[in-house]
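Q: Please read through the structure below; I'll follow up with questions.
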Amino acid sequence: MAPRIAFAIVFALACGAASSDEAVRQATPANLSAPYNPGTAATAAPAGANGPLPVVELAPPPPLPETVDLTYESAEIFQHLRRGFSMPNINNALVLHHQQWYLNRPDYLRRMVERSSRYLHFIIVELEKRGMPMEIALLPMVESAYNPTAYSRSHASGLWQFVPATGKQYKLEQNWWVDERRDIVASTGAALDYLQYIYELHGDWHLALASYNWGEGAVGRAIKKNEAQGLPTDYLSLKMPEETRNYVPKLQALKNIFSNPNILADLGMLGVPMRPYFATVTNSGNIDVKVAAKLAEMPVQEFVALNPAHNRPVIKSETPMIIPADKVATFNQNLEAHEESDKPLSSWQAYTLRPGEKLEQIAPRFGMTVAGLKAANGIRGRTRVASGETLLVAGDGSDPEPTGLTTPAEQPLVVATPRFSPAADPDRAPAKAATTTTTMVTRTRTHTVRKGESLLSVAQRYGMSLAELKQLNKLRSDRVNHGTKLTVATSEPASPPATTTRRVQVEIASKSEPTRSAAKVAPASRSHTVRRGETLYSIAQRYDMTVAELKQLNNLRSDQVTSGSKLLVAAPDTASKRAPDKSSTQLAEADGKHGKKTR
């Protein structure tokens, strides 16, 4: 019986296995033959020991982002800029602060854009040749407000603010005739060379910009200090001077503004075409600045704005001159006609000072005033000229008063702001295309300095830079006495606009919030004694206030504060009720100097 029982058991097991296989074969086609529907979630029944395998549905991969054709030629210069932005974004309270500062001064922004429209195309093309980020084209706005004759307390000069030593290091000629730190072409090449060098040194654009402002040696030491302490070595993690700490946030704030075509349209800063503005011509002989401007049929001040490097009223032979691209043919034709008439291109002549001679004796001999003689030779104040030195004096037929050797504080290129259309910038929303435009003109007025006011506070009041205010009033010092009358420049509509102008507001994290400047400061319940090295800015930040709030609370007019002074500050519970200063901010379409200057 035992063999028969064993055989029966084996036979039963075999039959059970065959039945299980048949069930699997029948179940599998029904489950796997169902059409694949990516929009329907799969329901996989749990499989038993002998059940079917679970059905697992894989989600389809997300679509790839659309590619950007970088070879596309943009018709408008700011659109072209946006397409080349490539630096990593930063987003902190300092960016918000500077962003709001710029947007609250639309006249100041417009003046920078008006000046930059002469130079932007050239700088953009040079950046593209080197494969550098397009944000660098905005750097002269931070450095000099795009004023090629800007001059700082640390003796930095030009659009890119080179100090004499670094200028010489990068082959920028500085002599009696020219200062190439103010030359548009030469200084741009030197600045980009320097920026490329410090980028390759650090491998990070934010650190390169910090080095441009603070010096690569100082940034290198700050990096090593953080490394020794096991701290991060990125820009935001380094300990640096206040000017350098604000430097990149200023550039990021401008990037955010110029990344938003709607904001630009509201500010009336559109219509700059993406085409060359100027070209260079070279003459074989000396030529007077005024003669060159006349041959190009352009105002002398506009000629000087394109050729700010020249120190004298005559341009040396074989020196490239910059003139508007549409004036090249006119210049060449007039130059040929002038040479055929045997008229001299320059009527200035050299004169060697004899022993005992004074400027007061020489000037009338050549039909000049003493002021005109000093201006032609770069003599300032009561500087004495030694015998044997060579002076430039007026010759026959020359204008004895060499005016126009300094770029004016304001020389607008585009007086009428063109109406914006979607064709000019495809990034612009069509709904905003019919924005009403106004004709802006620059006017001057007189401001009497009040007690406690400084040049900086006066400049900020009228939306000017300190360099612009000093240049407009021919000031060499940063100090001014109360009661002094200053000439200031403002941009105003040529005629009253038909619609009420509205103030530009910043969109904060996609929802509207009151800005800090609009918040009222509650009565302070504590005081702060100013320590050595502290500024109003650092104190305001410490107590979560703005400088304006701190000054208002203490009835201060000046930005200067002395150590030992006692200031009222907002109590901690008061500060916490105001709008947060350190919120994450950005414009709708943006992803989110002067300490020791070394270059």
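The values are calculated or read from the model by the stated rules, or taken from the named source; none is laboratory data. From a predicted model like this one, the values you see are computed outputs, not experimental measurements. Glycine gets a Cβ as well: all are built from the backbone with ideal geometry, and neighbour counts include every protein chain shown. Please note that ligands, DNA and RNA were not included when accessible areas were found on the heavy atoms of the full protein model with its side chains. Shrake-Rupley method; radii C 1.70, N 1.55, O 1.52, S 1.80 Å.
Q: Of the residues S116, S86, only one is surrounded by fewer than 19 Cβ atoms within 10 Å (Cβ to Cβ) and hydroxyl-bearing (S, T, Y); which?
A: Details: S116 fails: surrounded by fewer than 19 Cβ atoms within 10 Å (Cβ to Cβ).
Going through S116, S86 in turn, the sole match is S86.
To keep it simple, each residue is scored yes or no on (1) open to solvent by less than 40 Å² (accessible area, probe 1.4 Å); (2) more than 19 Å from M141 (Cα to Cα); (3) among the aromatic types (F, W, Y); (4) in a helix (DSSP H, G or I).
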{"residue": "K171", "(1), (2), (3), (4)": "no, yes, no, no"}
{"residue": "L192", "(1), (2), (3), (4)": "yes, no, no, yes"}
{"residue": "L201", "(1), (2), (3), (4)": "no, yes, no, yes"}
{"residue": "H206", "(1), (2), (3), (4)": "yes, no, no, yes"}
{"residue": "Y212", "(1), (2), (3), (4)": "yes, no, yes, yes"}
{"residue": "L231", "(1), (2), (3), (4)": "no, yes, no, no"}
{"residue": "Q252", "(1), (2), (3), (4)": "yes, no, no, yes"}
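Q: With open to solvent by less than 30 Å² (accessible area, probe 1.4 Å), farther than 22 Å from L94 by Cα and not aromatic (F, W, Y) as the only criterion, which of L536, L556, L550, L567 stands out?
A: Only one candidate passes the filter, namely L567.
Q: Got a number for residues in region 326-365 being open to solvent by 50 Å² or more (accessible area, probe 1.4 Å) and either out of contact with any Ser or Thr (no Cβ under 9 Å at 6 or more places or on another chain) or of a type outside the set (D, E, K, R) (or both)?
A: 23
Q: Could you tell me whether any residue of region 309-325 is part of a helix (DSSP H, G or I), surrounded by 12 or more Cβ atoms within 10 Å (Cβ to Cβ) and at pLDDT 90 or above?
A: Within region 309-325, one or more residues are part of a helix (DSSP H, G or I), surrounded by 12 or more Cβ atoms within 10 Å (Cβ to Cβ) and at pLDDT 90 or above.
Q: L469: assigned to a helix (DSSP H, G or I), of a type outside the set (K, R), open to solvent by 30 Å² or more (accessible area, probe 1.4 Å) and at pLDDT 50 or above, yes or no?
A: Details: assigned to a helix (DSSP H, G or I): yes; of a type outside the set (K, R): yes; open to solvent by 30 Å² or more (accessible area, probe 1.4 Å): no; at pLDDT 50 or above: yes.
Considered against the rule, which asks whether it is assigned to a helix (DSSP H, G or I), of a type outside the set (K, R), open to solvent by 30 Å² or more (accessible area, probe 1.4 Å) and at pLDDT 50 or above, L469 comes out as no.
Q: Right, something else. Got a number for residues in region 254-290 being open to solvent by 50 Å² or more (accessible area, probe 1.4 Å), in contact with a Phe, Trp or Tyr (Cβ under 9 Å, 6 or more places away or on another chain) and either acidic (D, E) or in a loop (DSSP other than H, G, I, E, B) (or both)?
A: Count: 3.
Q: Let me ask something else. Can you say whether K225 is open to solvent by less than 40 Å² (accessible area, probe 1.4 Å) and either touching a strand residue (DSSP E or B) at 6+ places or on another chain (Cβ under 8 Å) or of a type in the set (K, R) (or both), as far as the supplied structure shows?
A: For K225, the condition - open to solvent by less than 40 Å² (accessible area, probe 1.4 Å) and either touching a strand residue (DSSP E or B) at 6+ places or on another chain (Cβ under 8 Å) or of a type in the set (K, R) (or both) - is not met.
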